[in-house]
Amino acid sequence: MGTATGTGAQAAGTLDLSVIIVTYNRGPTLLRTLESVLAQSPAAREVIVVDQTPQPAPPVKAQLDQWQSAGAIRYLFQAEPNAQRARNRAIAEARCGVLLFLDDDVLLEPDMMATHLANYADPGLAAVCGYYTEPGEVPLDTLPPECQRRWTGWIHTPHCYTKRVECHLFPSCNGSIRRDVIRRLGGFDENFTHTLLDDTDLACRFKAAGHRAVHDPQARLVHLKEPSGGKRPGGLNQHVLADANRWFTWCYFYWMNFGWQGVPELARNFRRCVLRKPNLLQPWHLVVATVESMRGAARALRAVLRGRRLAQFTETPDMVHSA
C-alpha cells in the first residue's frame, strides 16, 4: 500500500504517526523489533521507546543510544516496571495525531504503518485494530464460538481474523488510535501491573464512549511471543495454572468493565484453572489453587473500590489532530 494522503502524511516522506514501544528485559529482541520499525517506508515521524530494563546489556544500550543520537528514536527510561505507566508517559510525550502501539517482540510487514494510517482518511474512525499471528497460530476465516457470548463475546475476536470488520478489541501489540481520543480516555489503567487485559480494558472504555474502530487484516505483523522478559502473570506450577496476579487481573477487569455480566467468564476460568481433574485427584493442589484465586480476588476488590488509576493529560501547543 502506498503512502497515506492528506493529513496522514508528512511532506518529507514520513507518516504523521508516533510509534510507541515499551520494553522490559528484552534487549536483543527489542533491537530486532526496532530494525523492523525503522525499515518501514514511509517512516514514522517519531518512534518512542520507554525502557524499564534496570541494566540494559552494553551492546543493546549502545545501539539504542546510537539510534537516539541519529534522531531515529526517542529513548526514555522508567525505573519502575509498569507497562501502563510507561505507555501513558509515551502518550504524554507523543507529537503526532495518531499513535501506533507495538510490543517489543514483533516483526512488521513492509507497509504495515502506512496501512494503519490510511484508515484514518475516514474522519469518523477513532482506532485501528491490527492483525497478527503468534507462534503456532493459523489465520482464521470464521469467528470462534466464544465470540457469540452475549455480553463479552466481542473481546474474543481473534487478531488473526482474515476479514475486515468493525471491531473494538484494541491490541497494544498492534493497534493505532487517535491521540486526542486516548488522551480523553485517560490512557491505560495503571492498576494493571501485569500485561494481561490491560489493552482490552482500554477497548472497553473506548467502546463505552461510542467510538468506532475497525479490524484491518492488512495491517500485519508477527508477534514472536518472546518467553523471556516482559511482565505477564502466570501460574505456580502444572497444577496451579493461575497465580494470585492472574486472578487479580481477571477479577479486576471483569468486575470493573462488566459487573455481574462478567461472572460467567470468571466461572469458566475457575473451572479451567482450579476445578481440574488433576487437582480434584490431589486435593492439596486444589486448596492452593483456590487460595490463589481468593488472594487475587480480594486484591481486585480493593482495587475496584479505590477506582481506576488513569493518567491526567494536559493539552500542548503542538497537538496535531488527524482529520
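A short reminder: the numbers here are calculations on the coordinates, not readings from a lab. Everything numeric here is computed off the predicted structure, so don't read it as measured data. Using ideal geometry, Cβ is built from the backbone for each residue, glycine included, and neighbour counts are taken over all protein chains shown.
With a Cα cut-off of under 28 Å and a minimum spacing of 8 residues unless on different chains, the lysine pairs in the chain number 6. Positive end of the dipole of the chain (Cβ unit charges, origin at the Cα centre): among 177, 154, 75, the Cα lying farthest that way belongs to 154. Let me test this: with uniform point scatterers at the alpha carbons of the chain, what is the Debye-based log₁₀ I(q)/I(0) at q = 0.08, 0.09 1/Å? Relative scattering, expressed as log10 I(q)/I(0), comes to -0.37, -0.47.
Count the DSSP beta bridges whose two residues both fall in the range 1-122, then state the antiparallel fraction as a percent rounded to the nearest 5.
Taking every DSSP beta bridge within the range 1-122, about 5 percent pair in antiparallel fashion.
Considering just Cα atoms, how many Å³ per residue does the convex hull of the range 142-256 enclose?
Values: hull volume 16.4 nm³, N = 115.
Residue-normalised Cα hull volume stands at 142 Å³.
Note on the chain: dipole from Cβ charges, positive end direction compared against 282, 247, 186; the farthest Cα belongs to 282. Extents of the range 190-309, taken as max minus min of Cα coordinates on every principal axis and listed largest first, are 48, 36, 25 Å. Only helices enter the 222 nm calculation for the chain: every DSSP H run of n ≥ 4 contributes -39,500 (n - 2.57), and dividing by all residues gives -11000 deg cm²/dmol, rounded to 500.
Basic side chains Lys and Arg get +1 at the Cβ, acidic Asp and Glu get -1 at the Cβ, and with that the dipole of the range 6-223 about its Cα centre reaches some 520 debye. The residue among 142, 90, 34 whose Cα reaches farthest toward the positive pole of the charge dipole of the range 6-223, with charges on the beta-carbon of Lys, Arg, Asp and Glu, is 90. On the principal axes of its alpha-carbon atoms, the range 8-62 has extents of 38, 17, 15 Å, going from largest to smallest. Computed over all pairs of different Cα atoms, the Kirkwood value for the hydrodynamic radius of the range 1-135 is 15.3 Å.
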